[in-house]
1. Just checking, how many residues over segment 154-183 are within 15 Å of the chain's Cα centre (by Cα) and within 22 Å of residue 238 (Cα to Cα)?
2. Here are the criteria: (1) buried (at least 16 other Cβ atoms within 10 Å of the Cβ); (2) in a helix (DSSP H, G or I). Tell me which single one residue 210 does not satisfy.
3. Filter segment 114-147 for residues that are polar (S, T, N, Q) and in contact with a strand residue (DSSP E or B) (Cβ under 9 Å, 6 or more places away or on another chain) and give the result.
4. Which of (1) part of a helix (DSSP H, G or I); (2) open to solvent by 40 Å² or more (accessible area, probe 1.4 Å) is the odd one out, the single condition residue 199 does not satisfy?
5. Name the single residue that is farthest from residue 88 (Cα to Cα) among those in segment 39-58 being part of a strand (DSSP E or B) and either of a type in the set (Ser, Thr, Tyr) or at pLDDT 90 or above (or both).
6. What pairs can you find where one residue is in segment 19-34 and assigned to a strand (DSSP E or B) and modelled with pLDDT of 85 or more, the other is among the polar types (S, T, N, Q) and open to solvent by less than 100 Å² (accessible area, probe 1.4 Å), and their Cβ atoms are less than 8 Å apart, with a gap of 6+ or different chains?
7. Scanning segment 96-121 for residues that are within 11 Å of residue 136 (Cα to Cα) and hydroxyl-bearing (Ser, Thr, Tyr), which turns out modelled with the lowest pLDDT?
8. Quick check: anything in segment 329-339 modelled with pLDDT under 85, surrounded by 14 or more Cβ atoms within 10 Å (Cβ to Cβ) and part of a helix (DSSP H, G or I)?
Amino acid sequence: MRLTSLLNHVQHHPGFVYERVRLLAERRIIEIDVRPRRGSKPVCSCCHERATAYDHLGVRGFEFIPFWGFKVDLIYRMRRVDCRSCGVHVEELPWASGKGQMTKAYMLFLAHWARKLSWKETAEAFRSSWDKVCQAVEYVVAWGLEHRTLGPIASIGVDEIAYAKGHKYLTLVYQIEPERTRLLWIGKDRTVASFEGFFAMIGEELAKKIAFVCSDMWKPYLRVIRERCTGALNILDRFHVVAKMNAALDDVRAGEARRLAQDGYEPVLRKTRWCVLKRKTSLTGDQRSRLRELLRYNLKTVRAYLLKEDFQQFWEYSSPTWAGKFLDGWCRQAMRSRIEPMKKIATTLRRHQPLLLNYFRAKKQLSSGVVEGMNNKAKVTMRKSYGFRTFRIAEIALYHALAKLPEPELTHRFF
């Protein structure tokens, strides 16, 4: 089968004809001439209606999907149209978008591989450039955002991740439902304004239908949720509660280890960090032995560790009432411990007690586990390119990887 016949089979464009094929072996390029079909009228790129041809522009090449390691270019001389409504404009081409030099098929091809490889690796594999891969991903993301269906949305999760040095953060909002998990919104920074942008995007009608919101204790997020999702249960992020508890315990251990060293005592807390921070089920044999030895001492670290372990019972309750009573008792015990980091944690938990108990009011059906999983995927996307230096690039890369956006349909897919 001739290459032109194959192209007509997989990428047929009414009104255009694939003509001659030239093989430039030294440059590893295949050039395919394209001409308008006799009697066909061009389409105005402004109003998208057929009009009369006015004159021709110079010859241009449009990059097509590579074939057996050869770069493929469609060679075409674009027409200008004399449109009654719009005046003189360049014609619209079915295989290209705007003034771009890549075909839509090639952009979809590059965007597909950019999900599997880094953008640099994609460019090297297909004899392209990083900028062209970026352009392809941007085209696919823009089309997907324009054509996606947002609602209905019953459950969302919000969190932040760092995307560049210097404490630069992104606010990420996910839809977290069993039948649909996807990225909905990316906001610059982790402020009230960045989170408000999500609700401005979905509109008040969709916002009212949100029943559950998973978040951490970041005050700007809690404020927006309180004002915008008046009928939703705000479920605090269990992962962040545990992380704060571990950070407090580590502060106690590090401070006590320094004091013991300064006072000339035996370094019993040396190499015990992971013994007290890891779950019991995750400890190695040596770490279990080290922990058993450590628990024999009357240290602040040991008391803080026992408080942390005791708090794990909180998540096992089913009733919000009994969970609340347990939390009250645990906080009283922590306040009497005279261990400042644990007292600070108890104060924080008391302040957020109603939100913590929402986990049980939601019948434990929703947690931040899905949000943390999505955040890990977002971080992998960032690591594949060793971070993105601008918000715009990070935004389109994350939408491309996590938003499950619809894509333009071609006659045939090549990948």
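1. So the answer is 19.
2. So the condition that residue 210 fails would be (2).
3. If we filter segment 114-147 for residues that are polar (S, T, N, Q), which is where we start, we get 118, 122, 128-129, 135.
Those that are polar (S, T, N, Q) and in contact with a strand residue (DSSP E or B) (Cβ under 9 Å, 6 or more places away or on another chain): 128, 135.
4. Only one criterion is unmet by residue 199, namely (2).
5. Residues of segment 39-58 part of a strand (DSSP E or B): 43-44, 50, 52-58.
After this cut, where a residue has to be either of a type in the set (Ser, Thr, Tyr) or at pLDDT 90 or above (or both) as well, the list is 52, 54.
Numbers: 52: 10, 54: 8 Å.
Only one residue fits best here, namely 52.
6. Listed pairs, sorted by first residue: 19/4; 21/4; 32/4.
7. By that ranking, first place goes to 97.
8. Within segment 329-339, the first condition is being modelled with pLDDT under 85, and the residues that meet it are none.
Within segment 329-339, none of the residues are modelled with pLDDT under 85, surrounded by 14 or more Cβ atoms within 10 Å (Cβ to Cβ) and part of a helix (DSSP H, G or I).
The values are calculated or read from the model by the stated rules, or taken from the named source; none is laboratory data. Remember, it's a predicted structure, so these values are computed and weren't measured experimentally. Because the Cβ atoms are built from the backbone with ideal geometry, glycine has one as well, and the counts that use them run over all protein chains shown. Note: accessible area is taken over every heavy atom of the protein model, side chains too, but ligands, DNA and RNA are not part of it. Shrake-Rupley method; radii C 1.70, N 1.55, O 1.52, S 1.80 Å.
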